[in-house]
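This report refers to the structure that appears directly beneath it.
The values are calculated or read from the model by the stated rules, or taken from the named source; none is laboratory data. These numbers come from a predicted model, not from an experiment. Here the Cβ positions follow ideal geometry from the backbone for every residue, glycine too, while neighbour counts run over all protein chains shown.
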Amino acid sequence: MFLAFMTGLRRRRLAFACMAALIIGLPASCAVLEHTERKLLFRIEPGTAGWYHGLPNTVQELDLQPKTFKAGQNIHAWWWPAERANAPAILYLHGVRWNLTGQLFRIEQLRAAGYSVLAIDYRGFGQSRGDLPSESTVYEDARVAWERFQLLQPDPDKRLIYGHSLGGAVAIDLAAELGRDAAGNHMRLPVRGLIIESTFTSLADVAAAVADTSLPVRWLLSQKFDSIDKIADIHMPLLVVHGLADTFVPSRFSEQLFAAARQPKKLLLVPGGTHNNSMALGGQNYRKAIDTLMQTRPDGHVARATLPSSPGDS
């Protein structure tokens, strides 16, 4: 599966370069530009991932159809309850290109760590029906998933939000909204914490880095995914993970997000980790970091310390 990812890496670089070139050029229609930008950004692969070998029989497939969706639209989701009853649960938000079948290897690792997992495909991915995704629709889809997630795990102290790559930007947007509401109304946080892995500060920063340009890409993109402007609005414990060998999204972006975030927070940099394998390479350190996140309160106190201090601790 990682060979497939590395083979696609060159395509992704070319896609971002083409997207930058398209934006810098002057298309005849803004609508055509935005559609092409979104198509290049999400790069949806049809069918199942080559490394997918079927769904475990304990996974429940869900079909989410809120009233706000157009006729024929839905969100296809997997709910994989942990073996232990009422275990803590993770809302899993994936990145671009691969649908849920390409995410199962990472979902399996989270479930093996003792967590129930609710994972969704955004509309347009996999079995989720809908138009070509956009920044606004994936944010909406995350909120729909959140509503179901609260029912599946009613205890706020046993909920985590996880986002990988572009899914990290979606997770940040959702967590920032939840945090603003809780802080503004002095309410109990509806979620224990947030995990973001292999993500970025903004889409413009990634596009500029991959296309190797100093042009003002930020002002030319319609899809912003501006996480750096939202990260300070997160009022919950935060775990930031990035592989130091990630050649697609450099780890400096996660370091910048970490620096801009509120306490309590932890940065876990994984030596040798690429864009896709930091969870596997992180092993016990990764699991202990999640366990510590589960025990950390918004004021930074930890009820049960499980991870020794490291240079990434703050």
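One residue stands out in the stretch 87-117 among those that are within 18 Å of residue 171 (Cβ to Cβ), among the hydroxyl-bearing types (Ser, Thr, Tyr) and in contact (Cβ under 8 Å) with a residue 40 or more places away in the chain: the one that is surrounded by the most Cβ atoms within 10 Å (Cβ to Cβ), namely 92. Only one of 63, 121 is buried (at least 21 other Cβ atoms within 10 Å of the Cβ) and of a type in the set (Asp, Glu). Can you tell me which? Matching residue, one of 63, 121: 121.
Here is the figure for the stretch 146-169: residues that are closer than 16 Å to residue 115 by Cβ and hydroxyl-bearing (Ser, Thr, Tyr) total 1. Residue 260 meets each of the listed conditions (1) farther than 19 Å from residue 286 by Cβ; (2) touching a Phe, Trp or Tyr at 6+ places or on another chain (Cβ under 6 Å); (3) of a type outside the set (Ser, Thr, Tyr); (4) at pLDDT 95 or above apart from (2). Screening 254, 309 for residues that are polar (S, T, N, Q), within 18 Å of the chain's Cα centre (by Cα) and either at pLDDT below 95 or not in a loop (DSSP other than H, G, I, E, B) (or both) leaves exactly one candidate, 254. In the stretch 200-214, the residues that are under 20 Å from residue 231 (Cα atoms) and at pLDDT 70 or above reach residues that are among the acidic types (Asp, Glu) and not in a helix (DSSP H, G or I) with C-beta atoms within less than 6 angstrom, at least six apart or across chains, in these pairs: 202/226. Within the stretch 150-170, being surrounded by 24 or more Cβ atoms within 10 Å (Cβ to Cβ) and part of a helix (DSSP H, G or I) holds for 166, 167, 168, 169, 170.
Counting the residues of the stretch 63-94 that are closer than 24 Å to residue 166 by Cβ and among the acidic types (Asp, Glu) gives 1. Residues in the stretch 226-240 that are within 28 Å of residue 285 (Cβ to Cβ) and part of a loop (DSSP other than H, G, I, E, B): 230, 234, 235, 236, 237.
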